[in-house]
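Peer 1: This is the structure I want to talk about, given as structure tokens.
The values are calculated or read from the model by the stated rules, or taken from the named source; none is laboratory data. The shown structure was predicted, so the numbers you read here are calculated from the model rather than taken from an experiment. Cβ atoms come from the backbone with ideal geometry, glycine included; neighbour counts cover every protein chain shown. Areas reflect the complete protein model, heavy atoms only, side chains present, ligands, DNA and RNA absent. Shrake-Rupley method; radii C 1.70, N 1.55, O 1.52, S 1.80 Å.
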Amino acid sequence: MIKVDNLSYSFPQKELFKEISFTLEDGQHCAFIGRSGSGKSTLINILTDPDKYMFDGRLEIDPNCRVGYVSQFIQLDKTKKTVFEYIGEEFIKLQNEITSICTEMETSSDIDSLLERYQKVLNAFEAIDGDNFESNITKKLNQANLAKLENVMVSELSGGEFKLIQVIKEMLTVPDLMIMDEPDVFLDFENLKALKYLINSHKGIILVITHNRYLLNHCFNKIIHLENMELQEFNGRYIEYDFTLLQSKIEAQELAIADTEEIERNEILINRLRFIATNNSEASKGKSLKARVKVQERLEARRIKLPFVDIKHPNFRFISNNKMEETILKVTDWSIAFDEMLLQNINFEIKSTDKVALIGSNGTGKTTLLREIFKNNHDSIKLNENVKVAYLSQLQGEILNESNTILEEFFDSGFKTYEKIVLYVSNYGFNEEDLHQKIANLSGGEKNILQLAKVSALKNDLFLLDEPTSHLDTYSQIALEKAIANYKGAILMISHDFYSIVNCVDYVLIIEDKTIRKMSIRKFRKMIYASHFDRDYLEIEQKKKSVETKIALALTDTNFELAKAYSTELEELIKLL
């Protein structure tokens, strides 16, 4: 068991968490969620290397606890090894060490020390099931549908494939605690499905930072939620936790309205008593005023605090000058090759109000195509000359200067005054104190929100977005989906996020066999559900979303009885998922 007790930690400019506590027990697969920048990765770093941090509180981890760790930022290893050799490095190293010690024993007179070394290495080898490591590697690769990569050089893998190989490598060392920080980022649909199988088949404790709704709904039996320096635990599935939050929101809004009405009535009484006390010298009048003020203070103090229910999210907003519907982008017989043909005879067009998702497996040329459209220097790519285009890279350093502060970044972008920058970035969740933070010190999600804020600052007719939901927390993903759906211009978006695609685009362009074909959202939804979900999941999920919309409307109208009735209907649907 891992136990965190009353842990507090802060940077010089920001307090991250205050007296938080949680436990991780055998068999628990835990999702660690919370808004971007709330401190999740920092807490993970404290767990993996507590000696590096000056924190208050207690952290109880057995000193012999083996911790496996997969970072959200993994650079492709250029080592000249096959996938099998790379995964088996630790096993082969220990195996060679055992062989070496046995060889020394044949000629050495210091047998006792060699026996001691031998037993220590042998124990380490047995602890990770070293005798079966070759068959275990093969089983894991098969489980992730990556058996074909066993003899492929690591340097030839795509980023998504390498991420999965890293997960397999860590899991095979049989860690007591397996920690992964956003392992799903940039994974295509098939690799995401493989990651789901790897997580669900792991026998030890797992702690995963993720905002991916597919993984959240299918992989975890415990939720840890960090928000506004506070933390709460929930033993159960994410879909059940989300429902609990919704119930809390209904109750909290109902109580908040009752409290507000009582506070307003009390304020009228206080004003009357203050007037009487001012014009009357009787001591009893002053005492009545003081008593009523104390009642008001208690009412204010008990106002519902909503760190986990009323969660702020960025107010993404894309603005276009578009006045009429016309074709703004046309790609005709476009091809590109590097060592071999990547894409061939590509043909499609996009109209001025189309919202389009560009999808395909990792390494099929999606980003290359998006970049070529933005460059607009090829005869096969025709952009309407009056169209203003904005490009969002999945490589944040291409859009943001990480040595800048947030303030400097927006001055460099053309903002003229400090006040305008404060007002603008406040819509994206950054306050005035944040302006002086270096961009390099922001979380991955905060950087992505910041670059979305930067590219949407001007009116554009076409947005080219490369993995815009990467690193974004769930609330920000939903906010971005709404902004895309409400945008009056055109969007071409690379995404592997199923929910983002079905919630806000008109159709998809799917890359298969080095070419592109158009697919309706209806067909795409069926294709993905057939591959990734149980048979009835689509129908139930659609009904669930419809009921959630009705609850939101009921809350807007402060009709709490109706909201409660719908929540009962929603609870019955959740039981079916």
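Peer 1: Assign unit charges at the C-beta atoms only (+1 for Lys and Arg, -1 for Asp and Glu), then state the dipole size of the chain relative to its Cα centre in Debye, rounded to the nearest 20.
Peer 2: The dipole magnitude comes to about 2360 debye.
Peer 1: Mind checking which of Asn64, Ser36, Ser100 is farthest towards the positive end of the range 1-111's charge dipole, using Cβ charges of +1 (Lys, Arg) and -1 (Asp, Glu) about the Cα centre?
Peer 2: Ser36
Peer 1: Compute the distance from the alpha-carbon center of the range 26-100 to that of the range 367-428, in whole Å.
Peer 2: Going from one Cα centre to the other spans 35 Å.
Peer 1: Please identify every one of the GluC sites (Glu not before Pro) in the range 105-208 that sits in a loop by DSSP and has no more than 11 other beta carbons within 10 Å of its own beta carbon.
Peer 2: Glu106
Peer 1: For the range 499-506, what does the Karplus curve 6.51 cos²θ - 1.76 cosθ + 1.60, with θ = phi - 60°, yield as ³J(HN,Hα) per residue in whole Hz, taken in order and with x for Gly and Pro?
Peer 2: Along the range 499-506, the couplings run 5, 4, 5, 6, 8, 8, 10, 8 Hz.
Peer 1: Something else about it: Run through the range 360-454 and list the GluC sites (Glu not before Pro) located in a DSSP loop whose Cβ has at most 15 other Cβ atoms within 10 Å.
Peer 2: Glu385, Glu402
Peer 1: While we're on this one: How large is ³J(HN,Hα), in whole Hz, for each residue of the range 423-438 in order, when computed from phi with the Karplus curve 6.51 cos²θ - 1.76 cosθ + 1.60 and θ = phi - 60°, using x for Gly and Pro?
Peer 2: Couplings: 5, 5, 6, 4, 5, 10, x, 9, 9, 4, 5, 5, 4, 9, 6, 5 Hz.
Peer 1: Now for a different question. What does the helix-only formula give at 222 nm for the chain: each DSSP H stretch with n ≥ 4 adding -39500 (n - 2.57), the total divided by the residues, and the result rounded to the nearest 500 deg cm²/dmol?
Peer 2: On the way: 19 runs with 258 residues, N = 577.
Value at 222 nm, helices only: -14500 deg cm²/dmol.
Peer 1: Along the charge dipole of the chain, pointing to its positive end and built from +1/-1 on Cβ of Lys, Arg, Asp and Glu, which listed residue (Ser8, Leu452, Ala565) has its Cα farthest out?
Peer 2: Positive-end residue among those listed: Ala565.
Peer 1: Right, here's the next one. Please work out whether the range 49-166 counts as rounded, prolate or oblate from its C-alpha gyration tensor, where a ≥ b ≥ c are the square roots of the eigenvalues and a/c under 1.5 means rounded, while otherwise a/b larger than b/c means prolate and anything else oblate?
Peer 2: Note, shape of the range 49-166 comes out oblate.
Peer 1: I'd like the Karplus ³J(HN,Hα) series for the range 347-353: coefficients 6.51, -1.76, 1.60, θ = phi - 60°, whole numbers in Hz, and an x wherever there's a Gly or Pro.
Peer 2: Karplus-based 3J(HN,Hα) across the range 347-353 equals 9, 6, 9, 10, 8, 5, 10 Hz.
Peer 1: So who's got an amide H within less than 5 Å of the one on Ser335, skipping anything under 5 residues away but keeping other chains? H placed 1.01 Å off N, in plane.
Peer 2: Those qualifying (amide H under 5 Å, at least 5 residues apart or on another chain) are Asn345, Ile346.
Peer 1: Straight distance only, please: which lysines reach the Cα of Lys249 with their own Cα at less than 16 Å, same-chain residues fewer than 8 apart left out?
Peer 2: Lys305, Lys312, Lys550, Lys564
Peer 1: Amide H to amide H, which residues 5 or more places from Tyr69 or on other chains are under 5 Å from it, using H placed in the peptide plane?
Peer 2: Here Ile179 satisfy the definition.
Peer 1: Which three extents, in whole angstrom, do the alpha-carbon atoms of the chain cover along their principal axes, largest first?
Peer 2: Each principal axis gives a Cα extent; for the chain these are 106, 72, 50 Å.
Peer 1: I need to check one value: relative contact order of the range 374-510, counting alpha carbon pairs closer than 8 Å and at least 6 residues apart, in percent.
Peer 2: Reported relative contact order: 27 percent.
Peer 1: Which of the aspartates and glutamates could be linked to Lys290 by a straight reach, that is with a Cα gap under 19 Å, when you skip same-chain ones fewer than 8 residues away?
Peer 2: Filter leaves Glu262, Glu264, Glu267, Glu282, Glu300.
Peer 1: Quick one: dipole size for the range 411-501, taken about the Cα centre, charges +1 on Lys/Arg Cβ and -1 on Asp/Glu Cβ, in debye to the nearest 20.
Peer 2: Using only the charged Cβ atoms, the result is roughly 300 debye.
Peer 1: Determine how many Å³ per residue the convex hull of the Cα atoms of the range 377-485 encloses.
Peer 2: So the per-residue Cα hull volume is 123 Å³.
Peer 1: Moving on. Residues with amide H under 5 Å of Ile491's amide H, sequence separation 5 or more or different chain, H placed in the peptide plane at 1.01 Å from N; which?
Peer 2: Sorted by chain and number, the residues that satisfy this are Asp354, Lys355, Val356, Phe463.
Peer 1: Where the centre of each part is set by its Cα atoms, how far does the range 197-253 sit from the range 547-577, in angstrom?
Peer 2: What the calculation gives is 20 Å, centre to centre.
Peer 1: Let me make sure I get this right: for the range 101-196, a, b and c are the square roots of the gyration tensor eigenvalues over alpha carbons, sorted descending. Under 1.5 in a/c it's rounded, otherwise prolate if a/b > b/c, else oblate. Which is it?
Peer 2: prolate
Peer 1: Leaving out ligands, DNA and RNA, and with a 1.4 Å probe, what % of the accessible surface on the chain is carbon or sulfur? Intermediate results must be reported in sequence, preceding the final value.
Peer 2: Details: 13870 of 28820 Å².
Within the chain, the accessible surface is 48 percent carbon and sulfur.
Peer 1: How large is the dipole of the range 180-292 about the Cα centre if only Lys and Arg carry +1 and Asp and Glu carry -1, each at its Cβ, rounded to the nearest 20 debye?
Peer 2: For this selection, approximately 540 debye.
Peer 1: Less than 20 Å apart at the alpha-carbon level, and either on another chain or at least 8 residues along: which aspartates and glutamates does that give for Lys482?
Peer 2: Asp242, Asp310, Asp354, Glu446, Asp461, Asp466, Glu467, Asp473, Asp497, Asp506, Glu541, Glu548
Peer 1: Any idea of the accessible area per residue across the chain, 1.4 Å probe, to the nearest Å²?
Peer 2: On the way: 28820 Å² over 577 residues.
Heavy-atom SASA per residue in the chain reads 50 Å².
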